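Trainee: Sharing a structure here in structure tokens format.
The values are calculated or read from the model by the stated rules, or taken from the named source; none is laboratory data. What you see is a predicted model, and the numbers here were worked out from it, not measured in a lab. Positions of Cβ are backbone-derived with ideal geometry, glycine not excepted, and every protein chain shown enters the neighbour counts. These area figures cover heavy atoms from the full protein model, side chains too; ligands, DNA and RNA do not enter into them. Shrake-Rupley method; radii C 1.70, N 1.55, O 1.52, S 1.80 Å.
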Amino acid sequence: MSSANRTTEVVVCLKWVFQADEPSDARFAGMSPADHAALELALQWATHIGGQVTAITVGPAQADAVLREALACGATRAVRIDTANGVSSADVASAIASVARHAAWVWCGDYSIDNGSGSVPGYLAAALQASQALGVLGVTFESGSIVATRRVDGGRREVLDVQAPAVISVEGATARLRRASLTAMRAAASAPIEVVAPSIVMRTSEHIAHTYRPRARALASPTGAEALDRVRSLTAAGTSSAAHEVETLEPADAAARIVQTLREWGYL
Amino acid sequence: MIAVVVVRDGLLPAGGAEVMAECEGRGVLIGSQPSVAAEALRGVATDLTLVECDSFQPAAFAEALVPLLADQSIVVLPASPDGRDLAPRLAAALRRPLHAGAIAVNAQRVDLVRNGGRDLHRVVPEAAFIATLQPGARGVVADELLPAPATRNVAFRATAVVDVAVTAVLPPDPATIDLAEAARIVGGGAGLDGADRMMQLADIGRKLGASVGATRVVTDRGWAAHERQIGTTGVVVAPQLYIAFGVAGAVQHTSGLGDPAHIVSVNTDPHCPMMQLADLAIVADANATLDALQELLS
Amino acid sequence: MNENVNENVNDCDVIVVGGGPAGSCAAIVAARAGLSVVLLERGPFPGSKNMYGGVVYPRILDELIPNWWEEAPIQRWVTRRSTMLLTDTQALTVDFRTEAWGKAPYNGATAYRPDFDHWLASHAEAAGAQLLTSTTVTGLLRDDKGVVVGVTTDRPDGDLRARVVIACDGVNSFLAKQAGLYTHTDVKHFTLGVKETLALPKEVIDERFGVRGREGVDIEIIGCTGGVNGGGFVYTNLDTVAVGVVLKIAKLAGQALRPEQIIATLKAHPAIAPLIEGGEVKEYSAHVIPEAGLAMMPKMISDGMLVAGDAAALCLAAGIWLEGVNFAMASGMYAGEAAVEAVRAGDVSAQGLRGYQRRLSDTFVLQDHRKLRRAPELVLSDRVQHLYPQMVANVVERMFRIDNPQPKPGLRRILKQERKRAGIRRRDLIRDGLTGFRSYG
Ligand SMILES: Cc1cc2nc3c(=O)[nH]c(=O)nc-3n(C[C@H](O)[C@H](O)[C@H](O)COP(=O)(O)OP(=O)(O)OC[C@H]3O[C@@H](n4cnc5c(N)ncnc54)[C@H](O)[C@@H]3O)c2cc1C
Ligand SMILES: Cc1cc2nc3c(=O)[nH]c(=O)nc-3n(C[C@H](O)[C@H](O)[C@H](O)COP(=O)(O)OP(=O)(O)OC[C@H]3O[C@@H](n4cnc5c(N)ncnc54)[C@H](O)[C@@H]3O)c2cc1C
Ligand SMILES: Nc1ncnc2c1ncn2[C@@H]1O[C@H](COP(=O)(O)O)[C@@H](O)[C@H]1O
């Protein structure tokens, strides 16, 4: 591949996931909001630099759905690395890297709603020896580079100058995915999807699943920005939760109960 | 076990003290002014290695940390923005598995939060691994009697790896400060049925003298601006009163919540974490309750 | 060849609008005949937003999908059918059960629409129809002579042309109206269906309803709809029970009651409450039903266009029957067949498509409607709704009450007394009886 191509090759990583409100229904499964945003920005960026977008997913045959959506929206190539769901993030990243070896720009979602570790993009950057801009909130396109704003601790933001090769992961509200045209949708329905067997043995995680319960906290960590807040939150910690009550109420009664309780607590 | 915490301008990230406590006081502080951060860990840390470097460079940090961590079997980072970014690079550099998003880590067992805070996956870890710990999940008790941690400085050696260039660090948005400093917050989650509900919430907030916060699901949907998002990847707040409507209480959200003296939660699911954290937990439709509350307060 | 339609500009032979039972069956038939078919559905997948009471009679599928019962996503087979007459405190039930309906070739079944519709649409896709989801049809394309030549959608670049458009877009069909096929619509032709799905463990349902395995129950209810004319139903799924009411919209508007309050009253009735006690509400939904049958049916054929299913008001809502899915599937099939015929013959004018009308008239689709044309009115009349249940229940109560030392009264005397007490004129009773006999008999 020529070097000119290399700097215009744009990849977007899309994961087929069960949506939060319909956990066990594959018919509702699809991209996360973050992946939608990643796809939109990848398409815009490719237009900006005169490149083309390859959409990649690692997953079972049903995951083709996200690739078809990407094709309908304007991606020109779609690759699925054929695996079961639930492969470890490291293996997902190395599988993607083996297909995207020459990519200059790799767009990802910030985190996937099921696994939610946000680690695939970091792994990918390591595997591609690319720089990384993760958890990005906003981008501005320059001529051959991207200015990205990323959120860091304490509500501060960091402005990054991103040069190729780079992996950029974005939050869901960063961009709204365009609506595919009818013609593109029809074409995408029968467009070819390259299905690749993974080159390594994919590991799935072994675990016992439980319903999430918060861990018993030793004591609230001092989180306030100011020293005084920290002291306050430390001292308030032991005194909270007079009595824990769970009540099932009709809306009107619920509202009344809230107001009454706020009075008792001295807020009203 | 050893903690690795990225420090910026001497400030610890959310969860910095907690990973230190999880690793029994042993850790590496890397970033700008780690010695200032070491001070803040008094009572928690016992044994610190400080690596000074002006800016955050995940790829270079990973390379630099490899020799320091090579014989440490368990490495824990906070799942704060910098920790989350560094962890996979470190895992790749050390060739070790990564267990991201844990609420408890030890050699026998790692508990991972999955599916947006709904599930807990219990994993029996490998002999050597890396984990990130959710801020706010464990809490810390500072031991007043503990002496100042022993520190040792290690010089940062730049390598040839590429990182992005940081051109500026912006202070928090004014709107964020408003939220971060608010003593009372009303929060909206995915249980609300539309963007208009956030406007309604703002109205109710005004009447209660409260700021408006939201979960990530809500900001992702564009129902509220980014700076309204409370949590690990949002704003860390410290209100006295938090009233949550349709918020599940995923650890990524509650980790940004501080420790309010009073929590009210309205949710249709009595078993979700937010309801367990609440002093007053009401099982009701949050949307209809908002309607009723708005009427009641006007 | 029809000169109105320029072959080159057609994107496909047939556009089917709506991935409900009518649309999928139309698409299956047309695609199997080798036509190029596009099936447009506004939801994220066919059936995703569709609701109904819960019982489907898929006999009509015998031809289209042989042994459908082996693969259809059904919840339970209806082996027990009850009709209940409720007053505030009394219940009279006619209960029928048969083993026969619990084995092949089966009769009725309970099924979830997202499952059932999705399954039917997958057959359309397998037959070669192209399914495009999350796409809403926004209007009709016509040529300069007014012939329907395609549809517009809400997507960019969203016009789609075809030789025949089959509108299966459900009740209140926007397309049929746009084509001017409905001469008038009247709110009195519609009822509102409201339904709650309650979760209960399967064993509890089995025990309370007296069924096992895949056996299920279909209960239709007259009375106990809080003064609003209508009816109710209770259906069993594997681990949920559907409880719903069908209410006359005109009447509902006049009452201060909200539909959910009426469901609550029904759920609290002494005959219903024990069946559903402890069930957790999983879902609440409401939908309009075309109820007036023949009285409201539109023209179903125009140049380049056919209308099927609820879009053509083919739902049969006649008291103890609430069937729409089977009518939708059948009319969809017949529309598909007619479209194939017309496209093959090269005449897609209303004349060329008239095979649709013939098929509807020759089969249960219109014959049932003719036979039952007075039934909806009868069932929803004030007498049947409010007076008869009370009268009948009182009669039965007195029949079975032992008033010793009084001797047992004669049935005829009780009947007369109770009729008078309920304020029913003899003349009306006889007339209603005749209408009922003609309809149901
Ligand atoms: C790396 C990473 C970083 C993250 N950072 C953040 C962060 O900074 N901030 C954040 O908030 N999240 C964050 N998340 C997401 C987090 O894991 C959760 O997914 C999110 O907090 C859930 O938001 P929610 O409670 O609004 O939505 P859901 O989890 O969908 O919960 C909705 C709740 O509403 C209830 N409900 C539904 N209908 C009603 C009704 N009618 N009335 C009342 N209640 C109802 C439901 O029972 C449920 O409890 C992060 C995740 C990851 C993986
Ligand atoms: C409360 C209630 C209970 C019922 N109970 C029963 C019962 O127990 N048994 C029974 O057999 N029948 C029952 N019915 C009737 C039955 O639901 C309908 O008759 C049947 O669904 C009609 O099927 P259809 O395919 O014509 O329309 P629908 O099922 O309404 O399908 C229409 C489809 O078109 C799509 N659509 C609509 N407009 C557009 C557009 N502009 N662009 C693209 N797509 C569009 C919709 O999303 C939908 O998928 C009940 C109805 C109600 C409301
Ligand atoms: N199986 C996968 N296939 C394609 N992309 C993926 C996959 N898993 C994760 N990603 C990408 O990595 C991002 C973060 O995912 P995660 O690290 O799983 O939280 C997602 O938003 C995707 O862009």
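Trainee: Considering Cα pairs under 8 angstrom that are at least six residues apart, work out the relative contact order of chain B and quote it in whole percent. Walk me through the numbers on the way to the answer.
Mentor: Values: 691 pairs, mean separation 44.4, N = 298.
That works out to 15 percent.
Trainee: Here's a follow-up. Enter the accessible area per residue of chain A (Å², integer; probe 1.4 Å; all protein chains in place). Could the numbers behind the result be given before it?
Mentor: Details: 11370 Å² over 268 residues.
In whole numbers, chain A has 42 Å² accessible per residue.
Trainee: Also, I was wondering about something else. Quote the total accessible area buried by chains A and B together, excluding ligands, DNA and RNA, probe 1.4 Å, nearest 100 Å².
Mentor: Details: alone 16180 and 14380 Å², together 22570 Å².
Interface between A and B: roughly 8000 Å².
Trainee: Give me a single rounded figure for A:261-267: the average over its residues of other chain Cβ atoms within 10 Å of their Cβ.
Mentor: That average works out to 5.
Trainee: Further question: Return the long-range amide H neighbours of residue B:151 (sequence gap of 5 or more, or a different chain), with a cut-off of under 5 Å between placed amide H atoms.
Mentor: Residues meeting the amide H criterion: B:48.
Trainee: Between A:194, A:245, A:158, where does the largest GNM mean-square fluctuation fall for chain A, given springs only between Cα atoms within less than 10 Å?
Mentor: Result for chain A, Cα springs under 10 Å: A:245 fluctuates most.
Trainee: Per residue, how many Å² of accessible area does the range B:256-297 show with a 1.4 Å probe? If you can, show how the numbers build up before the last one.
Mentor: On the way: 1210 Å² over 42 residues.
Heavy-atom SASA per residue in the range B:256-297 reads 29 Å².
Trainee: Just to check I understand the Karplus step: with θ = phi - 60° and J = 6.51 cos²θ - 1.76 cosθ + 1.60, what whole-Hz values come out for the range A:111-122, glycine and proline as x?
Mentor: After applying 6.51 cos²θ - 1.76 cosθ + 1.60, I find 7, 8, 5, 8, 6, x, 8, x, 9, 4, x, x Hz.
Trainee: Given the DSSP H assignment, sum -39500 (n - 2.57) over each helix run of at least 4 residues in chain A and divide by its residue total; what's the result at 222 nm in deg cm²/dmol, nearest 500? List each step's numbers first, then the result.
Mentor: Details: 8 runs with 86 residues, N = 268.
Rounded to the nearest 500, the figure is -9500 deg cm²/dmol.
Trainee: Each residue of the range C:185-191 in order: what ³J(HN,Hα) in whole Hz does its phi give by Karplus 6.51 cos²θ - 1.76 cosθ + 1.60, θ = phi - 60°, with x for Gly and Pro?
Mentor: With coefficients 6.51, -1.76 and 1.60, one gets 10, 9, 4, 6, 8, 10, 10 Hz.
Trainee: Would you mind checking the pairs C:49/C:282; C:195/C:371; C:103/C:267; B:207/C:282; C:49/C:267 and listing those with alpha carbons more than 22 angstrom apart?
Mentor: Long pairs (Cα-Cα over 22 Å): C:195/C:371; C:103/C:267; B:207/C:282; C:49/C:267.
Trainee: Packing-wise, with mean Cβ within 10 Å as the measure, how do C:323-330, A:86-93, B:14-21 rank, highest first? Display every interim value, and only then the final one.
Mentor: Values: C:323-330: 26.0, A:86-93: 22.0, B:14-21: 27.6.
The peptides rank, most packed first, as B:14-21, C:323-330, A:86-93.
Trainee: Let me ask something additional. Where the only charges are on Cβ atoms (+1 Lys, Arg; -1 Asp, Glu), what is the dipole of the range C:187-290 about its Cα centre, to the nearest 20 debye? Show your work: numbers first, answer last.
Mentor: Details: 11 positive and 12 negative charges, 102 e Å.
Magnitude of the dipole: close to 480 debye.
Trainee: Let me ask another. If R0 is 25 Å, what FRET efficiency do you get for residue C:295 and residue C:351 from their C-beta distance, rounded to 0.05?
Mentor: Working: r = 26 Å, r/R0 = 1.05.
Rounded to the nearest 0.05, the efficiency is 0.45.
Trainee: Rounded, prolate or oblate: which fits the range B:82-158, taking a ≥ b ≥ c as square roots of the Cα gyration tensor eigenvalues, rounded meaning a/c under 1.5, else prolate when a/b beats b/c?
Mentor: Details: a/c = 1.94, a/b = 1.20, b/c = 1.61.
Judged from the Cα gyration tensor, the range B:82-158 comes out oblate (a/c at least 1.5, b/c at or above a/b).
Trainee: While we're here: Under 5 Å between amide H atoms, partner at least 5 residues away or on a different chain: which partners does residue B:100 have, H built in plane at 1.01 Å?
Mentor: Here the answer is B:132, since their amide H atoms fall under 5 Å of that of residue B:100.
Trainee: For the interface of C with A, what's the total buried accessible surface in square angstrom, probe 1.4 angstrom, rounded to the nearest hundred? Don't jump to the answer; show the numbers that get you there.
Mentor: On the way: alone 19330 and 16180 Å², together 34130 Å².
Looking at C and A, the buried total is near 1400 Å².
Trainee: So which residues of the range B:73-113 lose at least 40 Å² of accessible area, probe 1.4 Å, when you go from the chain by itself to every protein chain present?
Mentor: So the qualifying set is B:81, B:84, B:85, B:88, B:89, B:103.
Trainee: Check residue C:193: other-chain or 5+ apart residues with amide H under 5 Å from its amide H, H built from backbone geometry?
Mentor: So residue C:193 has HN proximity to C:247, C:287, C:288, C:289.
Trainee: Here is a follow-up. For chain C, modelled as a Gaussian network with Cα springs under 10 Å, which listed residue fluctuates most, C:159, C:186, C:13?
Mentor: Greatest mean-square fluctuation among the candidates belongs to C:186.
Trainee: Which value at 222 nm does chain B reach when only helices count, each DSSP H run of 4 or more adding -39,500 (n - 2.57), with the total divided by all residues and rounded to the nearest 500 deg cm²/dmol? Before the final figure, lay out the partial values.
Mentor: Working: 10 runs with 87 residues, N = 298.
Mean residue ellipticity at 222 nm (helix-derived): -8000 deg cm²/dmol.
Trainee: When a/c is below 1.5 the answer is rounded, else prolate if a/b is larger than b/c, else oblate, so apply that to the range A:64-111 with a ≥ b ≥ c taken from the square roots of the Cα gyration tensor eigenvalues. Kindly include the intermediate steps, with their values, before the conclusion.
Mentor: Values: a/c = 1.69, a/b = 1.26, b/c = 1.34.
Oblate.
Trainee: Another one. Of all the accessible heavy-atom surface of chain A, with the other protein chains kept in place and a 1.4 Å probe, what percent is carbon and sulfur?
Mentor: Details: 6010 of 11370 Å².
On chain A, the fraction of accessible area on carbon and sulfur atoms equals 53 percent.
Trainee: Per residue of B:216-227, how many C-beta atoms from partner chains lie within 10 Å of its own C-beta, taken as a mean?
Mentor: Working: counts 7, 5, 1, 5, 12, 3, 4, 1, 1, 1, 8, 4.
Taking all residues of B:216-227 together, the mean is 4.
Trainee: Based on the Cβ-Cβ distance from residue A:178 to residue C:260, what FRET efficiency comes out when R0 is 45 Å, to the nearest 0.05?
Mentor: Numbers: r = 39 Å, r/R0 = 0.87.
Between residue A:178 and residue C:260 the formula returns 0.70.
Trainee: Take every DSSP beta bridge whose two residues both sit in the range C:6-157, then give the antiparallel share in percent to the nearest 5.
Mentor: Working: 17 of 24 bridges.
Among the beta bridges of the range C:6-157, antiparallel pairing accounts for roughly 70 percent.
Trainee: For chain C, what relative contact order do you get, as a whole percent, if you take Cα pairs closer than 8 Å and at least 6 residues apart?
Mentor: Details: 966 pairs, mean separation 85.7, N = 441.
Reported as a whole number, the value is 19 percent.
Trainee: While we're on this one: For chain C, what is the percent of antiparallel DSSP beta bridges, rounded to the nearest 5?
Mentor: 70 percent
Trainee: Here is a further query. Pick out which of A:116, A:59, A:155 has the largest mean-square fluctuation in a Gaussian network model of chain A, springs linking Cα atoms closer than 10 Å.
Mentor: Judging by the Gaussian network model, the answer is A:155.
Trainee: Report the normalised scattering of the range C:381-440 as log10 I(q)/I(0) at q = 0.17, 0.24, 0.30 Å⁻¹, calculated by the Debye formula with identical scatterers on the alpha carbons.
Mentor: Normalising to I(0) and taking log10 leaves -0.61, -1.00, -1.27.
Trainee: Apply the Karplus parameterisation 6.51 cos²θ - 1.76 cosθ + 1.60, with θ equal to phi minus 60°, to every residue of the range B:127-132 and state each ³J(HN,Hα) to the nearest whole Hz, in sequence, with x for glycine and proline.
Mentor: Once θ is set to phi - 60°, the couplings for the range B:127-132 become 4, 10, 7, 10, 9, 10 Hz.
Trainee: Antiparallel DSSP bridges in the protein assembly as shown: what percent, to the nearest 5? Display every interim value, and only then the final one.
Mentor: Details: 86 of 185 bridges.
The answer is about 45 percent antiparallel.
Trainee: Please report, in cubic angstrom per residue, the volume enclosed by the convex hull of the alpha-carbon atoms of the protein assembly as shown.
Mentor: Spelled out: Cα convex hull of the protein assembly as shown, divided by residues, is 199 Å³.
Trainee: At 1.4 Å probe radius, can you tell me the per residue accessible area of chain C in Å²?
Mentor: Values: 18710 Å² over 441 residues.
Per residue, chain C has 42 Å² of solvent-accessible surface.
Trainee: Continuing with this model, one more query. Could you give the nm distance between label points at residue C:172 and residue C:371, where each point is 7 Å from its Cα heading toward the beta carbon?
Mentor: 3.2 nm
Trainee: Can you tell me which lysines have their Cα less than 24 Å from the Cα of residue C:416? Leave out same-chain residues fewer than eight positions away.
Mentor: Partners within reach: C:408.
Trainee: Classify the range A:3-196 from the C-alpha gyration tensor, please: rounded if a/c falls under 1.5, else prolate or oblate depending on whether a/b exceeds b/c.
Mentor: Numbers: a/c = 1.40, a/b = 1.20, b/c = 1.16.
Verdict is rounded for the range A:3-196.
Trainee: Put +1 on the Cβ of every Lys and Arg and -1 on every Asp and Glu Cβ in the range A:3-196; which of A:130, A:94, A:146 then has its Cα farthest towards the positive end of the dipole?
Mentor: In the range A:3-196, that residue is A:146.
Trainee: Take the solvent-accessible surface of the protein heavy atoms, probe 1.4 Å, and return the percent of it on chain C that carbon and sulfur atoms account for.
Mentor: Values: 9650 of 18710 Å².
Of all accessible area on chain C, carbon and sulfur atoms account for 52 percent.
Trainee: Relative contact order of the range C:314-441: what whole-number percent is it, with Cα pairs under 8 angstrom and at least 6 residues apart? Write out the running numbers ahead of the final one.
Mentor: Values: 93 pairs, mean separation 29.8, N = 128.
With pairs under 8 Å counted, the relative contact order is 23 percent.
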